[in-house]
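Everything below concerns the one structure shown next.
The values are calculated or read from the model by the stated rules, or taken from the named source; none is laboratory data. Given the structure is predicted, the values throughout are model-derived calculations rather than measurements. With ideal geometry, Cβ positions are generated from the backbone for all residues, glycine too; neighbour counts draw on all protein chains shown. Just the protein is used for accessible areas: all its heavy atoms, side chains included, with ligands, DNA and RNA removed. Shrake-Rupley method; radii C 1.70, N 1.55, O 1.52, S 1.80 Å.
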Amino acid sequence: LYIISIEVTERVLSEKKIKEGQHELDKLQGQLELSIAAAKIGLWHWDVKNDRLSWSKEQLDLYGLKEDEFGGNSQAFLQILHPDSQRQIDEKVVRLQSLAGDYYDDEFQIIRKDGQVRWIQSRQRRFFDVEGNLDYITGVN
């Protein structure tokens with residue numbers, strides 16, 4: 001008869017801390033989602049290198065679109081812009097790599113699917129890869 005015992009206290013305590021941490025993250029995520037929905041803040045994320053643009057439900061609502069009505073890239077966004085704002089945004093996109101600071105604000109006009117013209121205020125933050133190239137931008141409208 002052989003009996004083998006292994007001390008697992010450290011592992012059990014570590015797993016407990018992980019579960020507690022996940023619970024806290026879940027709680028914070030729920031609070032954030034409620035705040036965003038209540039304030040009707042649109043969230044967006046642009047993977048610059050792959051030109052993938054993802055929008056939250058609230059963002060789609062601001063633009064009067066359903067999920068399957070947005071193309072999910074920078075060209076789809078530019079098509080929604082009011083002609084008076086297209087040049088301003090085009091110029092900014094060209095200069096994104098060289099702008100000073102990580103955060104910046106914009107105000108621009110869009111034309112919703114129903115034809116309404118709306119002003120949008122946007123706050124964005126840029127993130128760079130380890131080589132200093134623009135990687136992605138996340139923002140709120």
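Conditions first: (1) closer than 21 Å to K49 by Cα; (2) open to solvent by 50 Å² or more (accessible area, probe 1.4 Å); (3) in a loop (DSSP other than H, G, I, E, B). E91 passes all but one, so which condition is the exception? Here E91 meets the rest and fails (3). Considering the conditions (1) free of Cβ contacts under 8 Å to residues at least 12 places away in the same chain; (2) within 18 Å of the chain's Cα centre (by Cα), R52 is excluded by exactly one of them, (1). No other residue among E24, E7, E58 is without any contact (Cβ under 8 Å) to a residue 60 or more places away in the chain, part of a helix (DSSP H, G or I) and either loosely packed, with under 13 Cβ neighbours inside 10 Å or not acidic (D, E) (or both) apart from E24.
Tallying residues that are open to solvent by less than 90 Å² (accessible area, probe 1.4 Å) and not in a loop (DSSP other than H, G, I, E, B) within segment 94-104 yields 1.
Say we look at segment 108-125 and pick out the residues that are under 15 Å from Q59 (Cα atoms) and without any contact (Cβ under 8 Å) to a residue 24 or more places away in the chain; which of these is surrounded by the most Cβ atoms within 10 Å (Cβ to Cβ)? Checked segment 108-125; the qualifying residue surrounded by the most Cβ atoms within 10 Å (Cβ to Cβ) is Q124. For segment 69-87, taking the residues that are more than 20 Å from Q116 (Cβ to Cβ), part of a helix (DSSP H, G or I) and of a type outside the set (G, A, S), the one that is most open to solvent (accessible area, probe 1.4 Å) is identified as R87.
Contact annotation: residue pairs with Cβ atoms under 6 Å, 6 or more positions apart or on different chains, pairing a residue in segment 130-141 that is in contact (Cβ under 8 Å) with a residue 24 or more places away in the chain and over 10 Å from K49 (Cα atoms) with a partner that is hydrophobic (A, V, I, L, M, F, W, C) and surrounded by 14 or more Cβ atoms within 10 Å (Cβ to Cβ), are I137/W46; G139/W44; V140/I41; V140/L43; N141/L62; N141/I120.
Of everything in segment 27-49, what is closer than 30 Å to V94 by Cβ, among the hydrophobic types (A, V, I, L, M, F, W, C) and open to solvent by 50 Å² or more (accessible area, probe 1.4 Å)? Give them in sequence order. Across segment 27-49, the qualifying residues are I41, L43. The one condition from (1) at pLDDT 95 or above; (2) open to solvent by less than 90 Å² (accessible area, probe 1.4 Å); (3) closer than 26 Å to L32 by Cα that R52 does not meet is (2). Only residues that are farther than 28 Å from N133 by Cβ and either among the β-branched types (V, I, T) or in contact (Cβ under 8 Å) with a residue 24 or more places away in the chain (or both): list them for segment 27-49, please. Answer for segment 27-49, where residues must be farther than 28 Å from N133 by Cβ and either among the β-branched types (V, I, T) or in contact (Cβ under 8 Å) with a residue 24 or more places away in the chain (or both): I36, I41.
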